[in-house]
1. So what are the ³J(HN,Hα) numbers for segment 112-118, from phi and the Karplus equation (6.51, -1.76, 1.60; θ = phi - 60°), rounded to whole Hz, Gly and Pro as x?
2. How much accessible surface area, in Å² rounded to 10, belongs to the heavy atoms of residue 48 with a 1.4 Å probe?
3. What spacing in nm lies between the two simple spin-label points modelled at residue 54 and residue 74, each 7 Å away from Cα in the Cβ direction?
4. What is the set of long-range amide H partners of residue 81 at a cut-off below 5 Å, with H atoms built 1.01 Å from backbone N?
Amino acid sequence: MSGRLVCALAVALAVAAGGAGCGGSEPVGWKGQPRSGPVEGGRMLFGTLVNRSSKPLSLRAAQVRVIDGSGRVLPSAAAFAGGYNASIALRGFGGEMFASAVTGTTTGARAVLAPGASAPLSVSWKGPAKAVVVAGTALPLH
């Protein structure tokens with residue numbers, strides 16, 4: 001079995017168990033309740049991540065995934081931004097949803113969280129999502 005399949009199955013089991021990412025010993029979780037709603041052709045979520053571990057976390061938006069109830073990865077895009085940011089263009093779905101408006105800029109692409117620190121996360125996707133996966137943790141959409 002490939003490592004990718006094993007990871008997808010582990011995430012699906014965590015989601016099926018319910019509450020993954022809402023507490024416990026997961027390294028990252030939601031701070032409060034994320035907001036989501038429809039956008040043309042898909043859905044969008046705005047939430048705040050919190051580092052629940054005792055070590056700094058280095059997060060990359062390119063590694064954020066949205067999964068369905070079976071653990072399948074859905075077409076999505078993410079940025080560490082809590083809403084409109086002039087340097088991040090919202091131009092559609094896939095890789096261009098949060099494409100940088102300025103070549104070479106990394107605004108929204110990375111976040112480094114000290115223990116207990118938080119950062120905004122914006123995610124767009126297409127399909128029936130169950131969770132957002134950040135740092136290996138399946139965070140339910142509630």
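1. Couplings: 10, 10, 5, x, x, 7, 10 Hz.
2. 50
3. For the pair residue 54/residue 74, the computed spacing is 3.6 nm.
4. Placed amide hydrogens put 121, 122 under 5 Å from residue 81.
The values are calculated or read from the model by the stated rules, or taken from the named source; none is laboratory data. From a predicted model like this one, the values you see are computed outputs, not experimental measurements. Heads up, the Cβs are rebuilt from the backbone with ideal geometry, glycines too, and the neighbour counts pull from every protein chain shown. Accessible surface is based on the protein model in full, side chains and every heavy atom, while ligands, DNA and RNA are left aside. Shrake-Rupley method; radii C 1.70, N 1.55, O 1.52, S 1.80 Å.
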